[in-house]
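The values are calculated or read from the model by the stated rules, or taken from the named source; none is laboratory data. Model, not experiment: these values are computed from the prediction. No Cβ is skipped: glycine too gets one built from the backbone with ideal geometry, and neighbour counts run over all protein chains shown. To get the accessible areas, we keep the full protein, side chains included, count just its heavy atoms, and leave off ligands, DNA and RNA. Shrake-Rupley method; radii C 1.70, N 1.55, O 1.52, S 1.80 Å.
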Amino acid sequence: MAASALFKTLLYTVNNLLQQHKYKSALAVVKGFRNGAVYGAKIRAPHALVMTFLFRSGSLREKFRAIAQATYTHSRNLACFVLTYKGLQALQQRLQGKVLQSHSFLAACVGGWLVFGENNNINSQINMYLLSRILFALSRLAVEKGFIPQPKKDPFPLFAALVWGIVLWLFEYHPHTLQPSLQSSMNYLYHDSNTWHDISDFLIYNKPKTK
């Protein structure tokens, strides 16, 4: 009974603290760290599971270890970035007494350098994912601001043609320039489909089973 009362008192105290406006900036940083960790795990775990079992060799234990490591790295990095970004935003706002657009840019630059600046597979994937999104966004913004004219026709077909033309040219003649996971996917699609021995590795398996 005493333990239940203590828990209720603790819960009330914590909830009361969370309602205090003066702590909002600091609490937002903490929750940002929490959300970054959860979101990173949700995004990376299924992706790592699929890619590991499709393309990675090794024992079952080694595969699960690789999945856990990739999930942890993604989750940790995203959590640390959100913590850094929101913390630096709050600090700049406090120092200057107002919110400026430059605060977001500078805080994210520092966070990107510190957290996503290490050249590894996870960071490389995340940075390239963001690069494709910001190129689209900057193109739309340039049209909105009048820096470039509104296209008379949808430019997406031309964009698709160039993207696929360039990536397959790179894959066929300069494959070392592409990310390893993309190389693996393209090898499976375009090179492994050139080889078979009988019906088993033509329709059922990609490659003949080793005895």
Notebook entry, point to check: Efficiency by 1/(1 + (r/R0)^6): what FRET value for V50 and H197, r their Cβ-Cβ distance, R0 = 35 Å, to the nearest 0.05?
Noted result: 0.85
Next item on the list: For helix 156-173, report the angle its Cα long axis makes with the longest principal axis of the Cα atoms of the chain; keep it between 0 and 90° and round to the nearest 10°.
Entry: 60
Next item on the list: With springs only between Cα atoms under 10 Å apart, run a GNM on the chain and tell me which of N121, N35, N15 wobbles the most.
Entry: N15
Check: Among 85-91, 186-192, 26-32, how do they line up from the highest to the lowest mean number of other beta-carbon atoms within 10 Å?
Finding: 85-91, 26-32, 186-192
Next item on the list: Can you check what the net charge comes to around G111, using other residues whose Cβ is under 14 Å from the Cβ of G111 (Lys, Arg +1; Asp, Glu -1)?
Entry: +1
Check: How much accessible area per residue does region 88-133 have, in Å², with a 1.4 Å probe?
Finding: 75
Next item on the list: Set the Förster distance to 35 Å, then compute FRET efficiency between Y190 and H21 from the Cβ-Cβ distance, nearest 0.05.
Entry: 0.05
Next item on the list: Would you mind getting me the FRET efficiency between L60 and T177? Use the beta-carbon distance for r and R0 = 30 Å, nearest 0.05.
Entry: 0.35
Checklist line | Relative contact order, percent, the chain [alpha-carbon distance under 8 Å, six or more residues apart] | finding: 14
Next item on the list: Note the angle between two axes, namely the Cα long axis of helix 101-115 and the longest principal axis of the Cα atoms of the chain, as a number of degrees from 0 to 90, rounded to the nearest 10.
Entry: 60
Next item on the list: Enter the accessible area per residue of region 1-49 (Å², integer; probe 1.4 Å; all protein chains in place).
Entry: 81
Check: For region 177-211 and region 63-80, what is the separation of their C-alpha centers, rounded to whole Å?
Finding: 28
Check: Considering only protein heavy atoms and a 1.4 Å probe, what is the carbon-and-sulfur percentage of the accessible area of the chain?
Finding: 65
Item checked: Overall Cα dimensions of region 58-110 - principal axes, largest extent first, Å -> 56, 14, 11
Checklist line | Magnitude of the charge dipole, the chain, Cβ model with Lys/Arg +1 and Asp/Glu -1, debye to 20 | finding: 1000
Next item on the list: For the chain, set up a Gaussian network in which alpha carbons nearer than 10 Å are linked by springs, and say which option among L83, L95, L168 fluctuates the most.
Entry: L95
Checklist line | Positive-end extreme of charge dipole, the chain - chosen from F156, S75, L60 (charges on Cβ) | finding: S75
Next item on the list: Between R94, R34, R140, find the one with the highest GNM mean-square fluctuation for the chain; connect C-alpha pairs within less than 10 Å.
Entry: R140
Margin query: What are the ³J(HN,Hα) couplings of region 68-82, residue after residue, when phi is run through the Karplus curve with 6.51, -1.76, 1.60 and θ = phi - 60°? Round to Hz, x for glycine and proline.
Written below: 5, 5, 5, 5, 4, 4, 5, 4, 5, 5, 5, 4, 5, 5, 4
Item checked: Per residue convex hull volume, Cα atoms of region 136-211, in Å³ -> 152
Check: Using alpha carbon coordinates only, what is the Rg to Rh ratio of region 34-87, with Rh defined as the Kirkwood radius?
Finding: 1.10
Checklist line | Paramagnetic label zone (point 7 Å from Cα along Cα-to-C-beta, K207; backbone N under 14 Å) in region 157-184 | finding: 184
Check: Which of L95, V110, I126 sits closest to the plus end of the dipole of region 48-131, meaning its Cα is farthest towards the positive end, when Lys and Arg get +1 and Asp and Glu get -1 on the C-beta?
Finding: L95
Notebook entry, point to check: P(r) of region 1-66 in 5 Å steps, Cα pairs, percent per bin?
Noted result: 3, 14, 13, 11, 10, 10, 9, 9, 10, 8, 3, 0
Notebook entry, point to check: What is the Cα convex hull volume of region 58-211 when expressed per residue in Å³?
Noted result: 171
